[in-house]
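Trainee: Just dropping this structure here.
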Amino acid sequence: MTDLHKITIAEARTKLRKKEITSVELTESCISAVEESKALNAYCVKTPELAREQAKKADELLSKGNAPDMCGIPLGIKDLFCTKNINSQAASKILTDFKPEYESTVTSRLWDQGAIMLGKLNMDEFAMGSSNETSVYGPAVNPWQRDGSDKKLTAGGSSGGSASAVAADLCLAATGTDTGGSIRQPAAFTGIVGVKPTYGRVSRWGIIAFASSLDQAGPMTKTVKDSAIFLNAISGHDDKDSTSAPFEVPNFEAAITGDIRGKKIGIPKEYRLDGMPDEIEKLWKNGADMLRDAGAEIVDVSLPHTKYALPAYYVLAPAEASSNLARYDGVRYGHRATLRSGEGIDEMYARTRSEGFGDEVKRRVMVGAYVLSAGFYDAYYRRAQRVRTLIKKDFDDVYSLGVDAILTPATPSAAFGLGEMKNEDPIKMYLNDVFTVTVNLAGLPGVSVPAGLSSEGLPLGLQLIGRPWEEGEMLNVASILENGAEFNLKPNKWW
Amino acid sequence: MEVDVEGIEPLTSVSPMALPRRTDAVTDGDQIKKILKNAPDSREGFFAVPKVME
């Protein structure tokens, strides 16, 4: 069987246990697919030897019986995760050749359960971007193309490499991280499933920080069921992350019953944007119809502060980023600028950061430093935090009416062409996150599910926003969209 | 100002959870080699930087 890399986690789990395949075979199939995928630029580091070694061990573990669900499953890991002795650069020049001496909690849980690492995945620099174009490695490319065109399209961002790799079957699933939409937007652009868990569900320890009060890691997979399996494997309290919640983790896979009768699904009127393309409007309506047909009650809801979410986010996230990124100064790790004669430590800091960070990162560090500065703190940072309270309260109010989940589009458009936004105002790029960013501000779980194709033949996604800690129920509703949309399409292989 | 935030508390954490505390004790250490491994310049067990003179 040469197409083993195309199967899902759930299928592989069954086949591995029935001894129809071995993890070694599955891993080799993935390694070959990765080798052929240079044009997609999804992987920035490949670890085939490590993968082969891990696969052998996984087969041993499987032969003993009772192996964990993720045992023997080949994965791609976003470059934001620290992986021991393997380059972890957040796709930035400033972390050139950084090889951590430790493993992130998420990845160590995966390896402990027998999962396999194929390599590190491309992303926007420090997860700042929506097109993967800020990466020091150059952009990951979307395996999807417009009908009748060979123009290269963005895989979205910041988890663009993860999205590209999963959509092109270069791994069975991948890790992503989501600060404002960085899992859900690329998932929507590439026709895969991406989950941002409730803030605190997954440990952030060992994940290179962008905006700590918003960052959350999650799975990017081919199916909703796979996301449930993957999420179970990485969730749960971690002493090393003080914001990780000390809650029991329910069985998310078991929550996917396909029964949503009597569930209340909210449609927020504020998400109907002026100038929204008809096909997005139609996709959204179709999604609501599918859920209604499955027995859910569709109700109109209001999230009145939605339009302030993006401005508040672009104060809060850069503020946290400017603080988090202060550590990159050329002293402890990564790039250090070469000094000219007569230059001292101040020049070393300045030149190191000037050479090491890309333009988008610099923009956000400067915005962040500005909104945190003594004279402007109350007017910008403090005010944005108060707006955040109002945005969270919007959701609290809707959920207190008995709404079980909220349905919205995942993105305002399908994937755009690489380079198309180059001369645009950066704010136009930020608009990609308009439907997703509220979820991070409120700390809620969200999932993007492929739900149809655009007029140009590109995938479009719908987003479900769940109640806090109710990822299982959210994924159950998502499974109805997945089945109803019958989205089992794959991109034509051109790479 | 378009949004009225009068009397609204700033949100600093989405989870209504007090920061967990632990005993103030050493839990880790003796890892000088590992800590210095990625340093662009280190000498005698320390990070090294250009000379600072005031």
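The values are calculated or read from the model by the stated rules, or taken from the named source; none is laboratory data. Since the structure is predicted, the reported quantities are computational estimates derived from the model, not experimental observations. Reconstructed Cβ throughout: ideal geometry from the backbone, glycine too, with neighbour counts over all protein chains shown. Side chains are part of the model used for accessible areas, which takes the heavy atoms of the whole protein and leaves out ligands, DNA and RNA. Shrake-Rupley method; radii C 1.70, N 1.55, O 1.52, S 1.80 Å.
Trainee: Condition first: under 28 Å from the mean Cα position of the chain (by Cα) and open to solvent by 40 Å² or more (accessible area, probe 1.4 Å). Can you find one or more residues in segment A:314-325 that meet it?
Mentor: Within segment A:314-325 (the criterion being under 28 Å from the mean Cα position of the chain (by Cα) and open to solvent by 40 Å² or more (accessible area, probe 1.4 Å)), the answer is yes, since at least one residue qualifies.
Trainee: Those residues that are within 14 Å of A:Val331 (Cβ to Cβ) and either surrounded by fewer than 11 Cβ atoms within 10 Å (Cβ to Cβ) or under 18 Å from the mean Cα position of the chain (by Cα) (or both), I need them from segment B:25-37; list them, please.
Mentor: B:Ile35, B:Leu36 - these are the residues of segment B:25-37 that are within 14 Å of A:Val331 (Cβ to Cβ) and either surrounded by fewer than 11 Cβ atoms within 10 Å (Cβ to Cβ) or under 18 Å from the mean Cα position of the chain (by Cα) (or both).
Trainee: Is it true that some residue in segment A:441-451 is open to solvent by 40 Å² or more (accessible area, probe 1.4 Å) and either touching a strand residue (DSSP E or B) at 6+ places or on another chain (Cβ under 7 Å) or in a helix (DSSP H, G or I) (or both)? Working first, answer last.
Mentor: Step one: of segment A:441-451, the residues open to solvent by 40 Å² or more (accessible area, probe 1.4 Å) are none.
Checked against the condition, which is being open to solvent by 40 Å² or more (accessible area, probe 1.4 Å) and either touching a strand residue (DSSP E or B) at 6+ places or on another chain (Cβ under 7 Å) or in a helix (DSSP H, G or I) (or both), segment A:441-451 yields no hits at all.
Trainee: Here are the criteria: (1) surrounded by fewer than 20 Cβ atoms within 10 Å (Cβ to Cβ); (2) in a loop (DSSP other than H, G, I, E, B). Tell me which single one A:Gln89 does not satisfy.
Mentor: A:Gln89 satisfies every listed condition except (1).
Trainee: Sort out which residues of segment A:54-76 are among the small types (Gly, Ala, Ser) and in a helix (DSSP H, G or I), and write them in order of number. Spell out how you get there, then give the answer.
Mentor: Looking only at segment A:54-76, we keep the residues that are among the small types (Gly, Ala, Ser), and these are A:55, A:58, A:63, A:65, A:67, A:72, A:76.
Once the filter is applied, which keeps residues that are among the small types (Gly, Ala, Ser) and in a helix (DSSP H, G or I), segment A:54-76 yields A:Ala55, A:Ala58, A:Ser63.
Trainee: Can you name the number of the only condition in (1) touching a Cys at 6+ places or on another chain (Cβ under 9 Å); (2) under 16 Å from A:Trp205 (Cα atoms); (3) surrounded by 24 or more Cβ atoms within 10 Å (Cβ to Cβ) that A:Tyr102 fails?
Mentor: So A:Tyr102 meets the others, but not (3).
Trainee: I've got another one for you. Give me a count of the residues in segment A:390-433 that are assigned to a helix (DSSP H, G or I) and charged (D, E, K, R). Full working, then the answer.
Mentor: Our first condition is that a residue be assigned to a helix (DSSP H, G or I); within segment A:390-433, this holds for A:390-400, A:426-433.
The next check asks that each one be charged (D, E, K, R); those that pass are A:392-394, A:396-397, A:428, A:433.
Residues that pass the stated criteria total 7.
Trainee: For segment A:353-375, what are the residues that are within 14 Å of chain B (Cβ to nearest Cβ) and either open to solvent by 70 Å² or more (accessible area, probe 1.4 Å) or within 22 Å of A:Thr96 (Cα to Cα) (or both)?
Mentor: We begin by selecting, within segment A:353-375, every residue within 14 Å of chain B (Cβ to nearest Cβ); these are A:353, A:355-356, A:371-372.
Scanning segment A:353-375 gives A:Arg353, A:Glu355, A:Gly356.
Trainee: Continuing with this model, one more query. Just one of (1) of a type in the set (A, V, I, L, M, F, W, C); (2) part of a helix (DSSP H, G or I); (3) closer than 25 Å to A:Thr408 by Cβ trips up A:Ile267, so point out which.
Mentor: In the conditions (1) of a type in the set (A, V, I, L, M, F, W, C); (2) part of a helix (DSSP H, G or I); (3) closer than 25 Å to A:Thr408 by Cβ, A:Ile267 misses (2) alone.
Trainee: Also, I was wondering about something else. Return the only residue of A:Ala217, A:Ala233 being open to solvent by less than 50 Å² (accessible area, probe 1.4 Å), in contact (Cβ under 8 Å) with a residue 12 or more places away in the chain and out of contact with any strand residue (DSSP E or B) (no Cβ under 6 Å at 6 or more places or on another chain).
Mentor: On the way: A:Ala217 fails: out of contact with any strand residue (DSSP E or B) (no Cβ under 6 Å at 6 or more places or on another chain).
It is A:Ala233.
Trainee: If we keep just the residues of segment A:57-78 that are basic (Lys, Arg) and over 13 Å from A:Thr22 (Cα atoms), which is least open to solvent (accessible area, probe 1.4 Å)? Lay out the reasoning, then the answer.
Mentor: Applying the first criterion (basic (Lys, Arg)) to segment A:57-78 yields A:57, A:64, A:78.
Still in the list and also over 13 Å from A:Thr22 (Cα atoms): A:64, A:78.
Working: A:Lys64: 160, A:Lys78: 0 Å².
Selected residue: A:Lys78.
Trainee: Determine whether segment B:33-51 contains at least one residue that is within 9 Å of another protein chain (Cβ to nearest Cβ) and at pLDDT below 90.
Mentor: Yes: one or more hits.
Trainee: Here is a follow-up. Condition first: assigned to a loop (DSSP other than H, G, I, E, B), open to solvent by less than 10 Å² (accessible area, probe 1.4 Å) and more than 21 Å from A:Lys6 (Cβ to Cβ). Now tell me which residues in segment A:139-164 satisfy that.
Mentor: Step one: of segment A:139-164, the residues assigned to a loop (DSSP other than H, G, I, E, B) are A:139-140, A:142-152, A:155-159.
From what's left, open to solvent by less than 10 Å² (accessible area, probe 1.4 Å): A:140, A:142-143, A:155-159.
Scanning segment A:139-164 gives A:Gly156, A:Gly157, A:Ser158.
Trainee: Right, next: From the list A:Pro186, A:Pro197, which residue is touching a Pro at 6+ places or on another chain (Cβ under 7 Å), closer than 30 Å to A:Ser322 by Cβ and open to solvent by less than 10 Å² (accessible area, probe 1.4 Å)? If you could, list the steps in order and put the result at the bottom.
Mentor: On the way: A:Pro186 fails: touching a Pro at 6+ places or on another chain (Cβ under 7 Å).
Answer to the selection: A:Pro197.
Trainee: May I ask you to say which residue of A:Met276, A:Met348, A:Met290 is part of a loop (DSSP other than H, G, I, E, B), among the aliphatic types (A, V, I, L, M) and either touching a residue at least 12 places away in the same chain (Cβ under 8 Å) or touching a Ser or Thr at 6+ places or on another chain (Cβ under 7 Å) (or both)? Before you say what the answer is, go through the steps one by one.
Mentor: Details: A:Met348 fails: part of a loop (DSSP other than H, G, I, E, B); A:Met290 fails: part of a loop (DSSP other than H, G, I, E, B).
Of the residues listed, the single one that is part of a loop (DSSP other than H, G, I, E, B), among the aliphatic types (A, V, I, L, M) and either touching a residue at least 12 places away in the same chain (Cβ under 8 Å) or touching a Ser or Thr at 6+ places or on another chain (Cβ under 7 Å) (or both) is A:Met276.
Trainee: Show the residue pairs meeting these rules: Cβ distance below 7 Å; 6+ apart or different chains; first residue within segment A:249-273 and surrounded by fewer than 19 Cβ atoms within 10 Å (Cβ to Cβ); second residue β-branched (Val, Ile, Thr) and part of a helix (DSSP H, G or I).
Mentor: A:Gly258/A:Ile480; A:Glu270/A:Thr306
Trainee: Given the conditions (1) closer than 28 Å to A:Gly287 by Cα; (2) within 14 Å of chain B (Cβ to nearest Cβ); (3) open to solvent by 60 Å² or more (accessible area, probe 1.4 Å); (4) not aromatic (Phe, Trp, Tyr), report the number of the one that A:Asp378 does not fulfil.
Mentor: (1)
Trainee: What pairs come out if I take residues in segment A:139-161 that are among the aromatic types (Phe, Trp, Tyr) and pair them with residues that are not in a helix (DSSP H, G or I) whose C-beta lies under 8 Å away, six or more apart or interchain?
Mentor: Cβ pairs passing all conditions: A:Trp144/A:Leu153; A:Trp144/A:Gly191; A:Trp144/A:Ala415; A:Trp144/A:Gly457; A:Trp144/A:Leu458; A:Trp144/A:Pro459; A:Trp144/A:Pro491.
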